[in-house]
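First the structure, in the form of structure tokens, and then the observations on it.
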Amino acid sequence: MTLVLGIESSCDESAAALVTSGRRMLVHKLAGQDREHRPYGGVVPEIAARAHAEILPGLIEDVLAEAGIGLAEVDAIAATAGPGLIGGVLVGLTVAKGLALAADKPLIAINHLEGHALSPMLAVPDLDFPWLLLLVSGGHCQLLLVKGLGDYARLATTIDDAAGEAFDKCAKALGLGFPGGPALEAAAASGDPAAVPLPRPLLGADEPHFSFAGLKSAVVRAQETGRYSVPDIAASFQAALIDCLVDRSARAIQEAGVDTFVVAGGVAANRSVRDALAALAARHGMRFVAPPIWLCTDNAAMIAWAGALRFDAGMVDGLDAPARARWPLDPDAAPARGAGVKA
Ligand code: KG4
Ligand code: ZN
């Protein structure tokens, strides 16, 4: 059985984990940096990179100690090599290279998006390719057809903000603090989702892409009128965003032609989002998979798992593997129309 140490550092979570090729997670540890970034109301890239440099070595030691495993017993070391905040990616990847060099182990450079795409396999033992994935996080909003290891078709992306980014920006505008997603969900619980008329960008559009910048601007304007309560705006925003996720996913389901629908990424922690997507899958007679929250948000178990699959397939990298700020999972995807398109 292959045993892989995984390292994640692409945003503001420092994480390390040990996973086997038998879909077994031995230990995973995560150190968030909310305290460091809160005074700035968002993630500050240099602060994140410095924090990863301070946190990761001790975290890796703890993971190995808790599992009672020496580095010599590990088959490979996998680390996120992009996409993400480049300083943090460089720190995690360089730590992995140092360990690989010192312990004479192969390095596996993982695309963070591949980590998210394959993560549900760790939670659902009988999940097998292919499936349609809605990846909704702070950095990404994509619909991906996951056909096999290293074989992904990007059906949709956002032409401006990611879904989690929209949650965070609206939460900030409503004075709800950082990180915004959970705070906005809590505020929405006591609001009326029909109270504020808000746009649903790209609803019904023929391509399955997303757009949330106009929705965010409308939330800011609604707040400025002083006519609505914060819970009402929060609930109306959440309802509009969910309508977009459901409509765009329904469009991709037509194209994908598969019978499993998976949601992952931090926004999948939102109860209303999960419920709406579960209902959508049921309407289409599809199996719905929403991994546990810890596996939906950034973590190193998904990086180690992708590493285990790659190691078993003979896909290892050299110590010169580059760190990449942008790294599309499907380089052949047609570019989405619009400005500021994310990888
Ligand atoms: O996957 P993740 O941990 O990191 C990225 O790769 O971005 O996702 C973080 C994002 C943030 O934008 C956060 O506000 C959002 O997920 N999020 C939520 C909830 N919990 C986290 N959004 C809505 N409702 C939540 N309960
Ligand atoms: Zn992520």
I'd like to check one number: the per residue accessible area of region 138-203, probe 1.4 Å, reported in Å² as a whole number.
36 Å²
How many percent of DSSP beta bridges within region 129-290 run antiparallel, rounded to 5?
60 percent
Hey, for a label at ASP104 modelled as a point 7 Å past Cα toward Cβ, could you say which residues of region 75-98 have their backbone N under 17 Å away?
75-77, 98
Which whole DSSP H helices in the chain pass both tests: a Cα extent of 24 Å or more along the axis and a mean Kyte-Doolittle value no lower than 0.0?
45-67, 86-103, 230-256
Can you give the accessible area per residue of region 263-310, in Å², using a 1.4 Å probe?
31 Å²
Cα-based Lys pair tally, the chain, threshold under 30 Å, eight or more apart or on separate chains:
16
Taking all protein chains in place and a 1.4 Å probe, what share, in percent, of the accessible surface of the chain do carbon and sulfur account for?
54 percent
Just the Cα atoms of region 74-159, one point each, no solvent: what log10 I(q)/I(0) does Debye give at q = 0.11, 0.12, 0.17 Å⁻¹?
-0.37, -0.44, -0.81
May I have the extent of the alpha carbons of region 211-259 along their three principal axes, as whole Å values ordered from largest to smallest?
46, 18, 8
Go through TRP305, TRP327 and list them by solvent-accessible area, largest first, probe radius 1.4 Å.
TRP327, TRP305
Debye intensity ratio in log₁₀ form over the Cα atoms of the chain, taken at each q of 0.13 Å⁻¹:
-0.96
Let me have the 222 nm mean residue ellipticity of the chain computed from DSSP H runs of 4+ only, each contributing -39500 (n - 2.57), with the sum over all residues rounded to the nearest 500.
-13000 deg cm²/dmol
Sort out for me the Cα centre separation of region 19-47 from region 115-192, rounded to whole Å.
16 Å
What share of the DSSP beta bridges in the chain is antiparallel, in percent to the nearest 5?
60 percent
I need to check one value: relative contact order of the chain, counting alpha carbon pairs closer than 8 Å and at least 6 residues apart, in percent.
25 percent
Counting only protein heavy atoms and leaving out ligands, DNA and RNA, the solvent-accessible surface of VAL95 at a 1.4 Å probe, in Å² to the nearest 10, equals 40 Å²
Burial ranking of peptide ranges 291-303, 196-208 (average Cβ count within 10 Å, highest at the top)
291-303, 196-208
Size descriptor, Kirkwood hydrodynamic radius, that averages inverse alpha-carbon separations across region 129-290, Å
15.7 Å
Range in the chain, longest, excluding exposed trypsin sites (Lys or Arg not before Pro) [loop by DSSP; at most 12 other beta-carbon atoms within 10 Å]:
1-226
Could you tell me which of ALA281, ILE233, VAL196 has its Cα farthest along the dipole of region 191-295 towards the positive end, charges placed at Cβ (Lys, Arg +1; Asp, Glu -1), taken about the Cα centre?
ILE233
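The values are calculated or read from the model by the stated rules, or taken from the named source; none is laboratory data. Predicted model, so just to flag it, every value in this text is computed and none were measured. Virtual Cβ from ideal backbone geometry, glycine too; neighbours counted across all protein chains shown. Remember, those area values only see protein heavy atoms, side chains included, never the ligands or the DNA or RNA. Shrake-Rupley method; radii C 1.70, N 1.55, O 1.52, S 1.80 Å.
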